[in-house]
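Scroll down for the structure; my scribbles are underneath it.
The values are calculated or read from the model by the stated rules, or taken from the named source; none is laboratory data. Note that the structure is a prediction, hence the values are computed from the model and not measured. Virtual Cβ from ideal backbone geometry, glycine too; neighbours counted across all protein chains shown. Ligands, DNA and RNA are stripped out before the accessible areas are found, and what is left, the full protein with its side chains, is counted by its heavy atoms. Shrake-Rupley method; radii C 1.70, N 1.55, O 1.52, S 1.80 Å.
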Amino acid sequence: MSVPNELKYTREHEWIKDNGDGTIIIGITDFAQGELGDIVFVEIEEVGSDFSAEDTFGSVEAVKTVSELYAPVDGVITEINEELEDNPEIVNEDPYGEGWMVKMKVSDASQLGSLLSADEYEEIIA
């Protein structure tokens, strides 16, 4: 199971890539997609939707269950991975690459400091 060091993580099994320009990319971890099983549907709120940290911004439906997606920080969705609409299985195949969920403009960059490092996340899933 992969946990890339350059990413940040949440206890809800989401990964966050800080682009360094006030925007982030969010997806679910390799651990999460493995636990969910075959993903059959991804539903995400619209571009322009505004969220506070821990608000639900979408859900991932797998054969076994449905799991909610939570905003890791305050921000606004700027882009949705449209490819997931027709090909949700990409999340299983490439969770840290082509399987990303949303891009978000961060409202308060200081919140990024509260996210987990790869080592801290690995302790949770061990």
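What to note about this one:
- Meets criteria (of a type in the set (D, E, K, R) and touching a Ser or Thr at 6+ places or on another chain (Cβ under 6 Å)) for E43: yes
- Complete set of residues in the range 85-107 that are free of Cβ contacts under 8 Å to residues at least 12 places away in the same chain and in a helix (DSSP H, G or I): D86, I90, E93
- When the range 67-86 is filtered for residues that are farther than 20 Å from Q111 by Cα, touching a helix residue (DSSP H, G or I) at 6+ places or on another chain (Cβ under 9 Å) and either open to solvent by less than 50 Å² (accessible area, probe 1.4 Å) or of a type outside the set (D, E, K, R) (or both), the ones remaining, listed by number, are S67, N81, L84.
- Residue count for the range 18-52 under the criterion of being touching a residue at least 60 places away in the same chain (Cβ under 8 Å), surrounded by 15 or more Cβ atoms within 10 Å (Cβ to Cβ) and within 20 Å of A109 (Cβ to Cβ): the result is 6.
- Close pairs (6 angstrom Cβ cut-off, 6 or more residues apart or separate chains): in contact (Cβ under 8 Å) with a residue 12 or more places away in the chain in the range 108-126, surrounded by 13 or more Cβ atoms within 10 Å (Cβ to Cβ) and assigned to a helix (DSSP H, G or I) anywhere: I125/F31
- Selection over the range 53-66 of residues that are open to solvent by 70 Å² or more (accessible area, probe 1.4 Å) and either over 18 Å from D108 (Cβ atoms) or of a type in the set (S, T, N, Q) (or both) gives a count of 4.
- Residues of the range 93-109 classified as surrounded by fewer than 18 Cβ atoms within 10 Å (Cβ to Cβ) and either under 14 Å from A32 (Cβ atoms) or not basic (K, R) (or both), total: 7
- Among the conditions (1) farther than 18 Å from S2 by Cβ; (2) in contact with a strand residue (DSSP E or B) (Cβ under 7 Å, 6 or more places away or on another chain); (3) β-branched (V, I, T), the only one that T65 does not satisfy is (2).
- Here the condition is being of a type in the set (V, I, T) and within 18 Å of Y121 (Cα to Cα); of T56, T29, T65, it holds for T29 alone.
- Test: L112 is surrounded by fewer than 17 Cβ atoms within 10 Å (Cβ to Cβ), closer than 16 Å to E14 by Cβ and among the aliphatic types (A, V, I, L, M): yes
- Filtered residue count, the range 115-126, keeping only those that are in contact with a strand residue (DSSP E or B) (Cβ under 8 Å, 6 or more places away or on another chain), under 15 Å from A32 (Cα atoms) and open to solvent by less than 40 Å² (accessible area, probe 1.4 Å): 2
- Considering residues of the range 1-17 that are outside any strand (DSSP E or B) and of a type in the set (A, V, I, L, M, F, W, C) only, the residue farthest from A109 (Cα to Cα): M1
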